[in-house]
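Please read through the structure below; I'll follow up with questions.
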């Protein structure tokens, strides 16, 4: 594992000199922190990045340690890969503490369902393990990567914070911060320490930067790295520099933390552990993930019930047959069917999901019926989220973002 991970860090996500065959494979599927496209082979991605598949023994162990049923995203393999998650569980079983770190790049006014997945799962982890959480809003990153002003990035960060808070996080265990507001002091010291440990060649290898990228992009990775070091938050973890960190995130963020894990031991910190998810596919098909740049590829938390119904009926790619007669005769191809994939994310009842798969796959259920059930579930989720977000005030945002000790940090 260690050698494989070190090799992935050295070779990087871009691996420029891999030959024509490798270049052709790369063209088929692009996965990096800023772009996900093509048909993703997750087994190949695990091998390429040097992480490990999350197996049933770890899921069973989570249930035993927390006395809670595993989250649907664990049971269904949505979170499917990890780095040192077993060590986090070892530490927890010994009575050692850890904290959670996740984030959001605020580039749009409203979140879509794909954006909610890491936050829904992080809330489960916070509740199950009763641990503190830091949430980074990378408004500086989006200002540098997108055509967005500093002021607009900051505004979007606060708007996105309201959607995050609406997921139900515990304010007594949660600190949300924007980079523009928080970077400085101990946080900045750790950024400089990381920057001194990473050569230009290595950061180019990991992230694929080119001579046309501005220097802000090259300098950003330490900003996303250092929330995984407890000393970056002296108001929370003063004197707890050996606290472990667990990062729930989508696997496209892995390059940041390959770099971080390479650096951490040299700075005297534990390597951050990761638990990584697959991508929530676009409505049009399972090639990449939902895109905020294409409103018809995604279900947004601001969509009305009619919007959701129309998008599912018009745009959701199905594996069903094009006539009722053929569907009854041949059944649906569940491997490519987007409504079934969405149900696998959001339909909690395992028995109902298996029933739908069996009936639809055999032809006894029609595409219309599957889309109707999916619409019911997504409308309920979005309307529940909309009600929760409407209750989030500016004062609540200020409370989550206040630099103060957390009264119920552990336990």
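Under the rule of -39500 (n - 2.57) per DSSP H run of 4 or more residues, summed and divided by the residues of the chain, what mean residue ellipticity at 222 nm is obtained, to the nearest 500 deg cm²/dmol? Can you show the working numbers first?
Working: 22 runs with 214 residues, N = 411.
Value at 222 nm, helices only, nearest 500: -15000 deg cm²/dmol.
I'd like the FRET efficiency for residue 151 and residue 44, computed as 1/(1 + (r/R0)^6) with the beta carbon distance as r and R0 of 35 Å, rounded to 0.05. Present the calculation step by step, with values, prior to reporting the outcome.
Numbers: r = 41 Å, r/R0 = 1.18.
After rounding to 0.05, the efficiency reads 0.25.
When DSSP assigns beta bridges and you keep just the ones with both residues in the chain, what percent turn out antiparallel, to the nearest 5? Could you put the intermediate results ahead of the total?
On the way: 13 of 31 bridges.
Restricted to the chain, the bridges split so that about 40 percent are antiparallel.
If the convex hull of the alpha-carbon atoms of the chain is projected onto planes in all directions, what is the mean projected area in square nanometres?
Values: hull surface 81.4 nm².
Computing the convex hull of the Cα atoms and averaging its projections yields 20.4 nm².
Over the chain, what is the relative contact order in percent, taking alpha-carbon pairs closer than 8 angstrom and at least six residues apart? Before the final figure, lay out each step's value.
Working: 651 pairs, mean separation 85.6, N = 411.
Across the chain, relative contact order equals 21 percent.
Could you work out how far apart the two model spin labels at residue 369 and residue 402 are, taking each label as a point 7 Å from the Cα in the direction of the beta carbon, and quote it in nm?
5.4
Using a 7 Å offset from the Cα along the Cα-to-Cβ direction at both residue 362 and residue 267, what is the distance between the two label points in nm, to one decimal?
Those two pseudo-labels are separated by 5.7 nm.
May I pose another question? Pull out a ≥ b ≥ c, the square roots of the eigenvalues of the alpha-carbon gyration tensor of segment 261-411, then state rounded if a/c is under 1.5, prolate if not and a/b is larger than b/c, and oblate in the remaining case. Mind dumping the intermediate values first?
Working: a/c = 2.51, a/b = 1.76, b/c = 1.43.
Prolate is the answer for segment 261-411, as a/c is 1.5 or above and a/b outweighs b/c.
Let me ask something else. How would 96, 127 line up from fewest to most surrounding beta-carbon atoms within 10 angstrom?
Values: 96 12, 127 16.
Fewest to most other Cβ atoms nearby, the residues stand as 96, 127.
For 200, 101, 188, which order do you get if you count the other beta carbons within 10 Å of each Cβ and list the fewest first?
Working: 200 9, 101 27, 188 15.
In order of increasing Cβ crowding within 10 Å: 200, 188, 101.
Residue 64 to residue 348: FRET efficiency via 1/(1 + (r/R0)^6), r the Cβ-Cβ distance, R0 22 Å, to the nearest 0.05?
On the way: r = 21 Å, r/R0 = 0.95.
With R0 = 22 Å, the Cβ-Cβ based efficiency is 0.55.
What is the distance, in nm, between label points placed 7 Å from the Cα along the Cα-to-Cβ direction at residue 310 and at residue 56?
With each label point 7 Å from Cα toward Cβ, the separation is 4.5 nm.
Can you put 67, 149, 108, 362 in order of Cβ neighbours within 10 angstrom, beginning with the fewest?
On the way: 67 7, 149 10, 108 19, 362 13.
Ordered by Cβ neighbours within 10 Å, fewest first: 67, 149, 362, 108.
To continue, here is another question. Cα centroids of segment 51-114 and segment 381-410: how far apart, whole angstrom?
22
Read-outs: derived from the displayed coordinates by stated rules, not from any lab. Keep in mind that what you see is a predicted model, and the values were worked out from it rather than measured. Here Cβ is always computed from backbone atoms with ideal geometry, including for glycine, and neighbour counts include all displayed protein chains.
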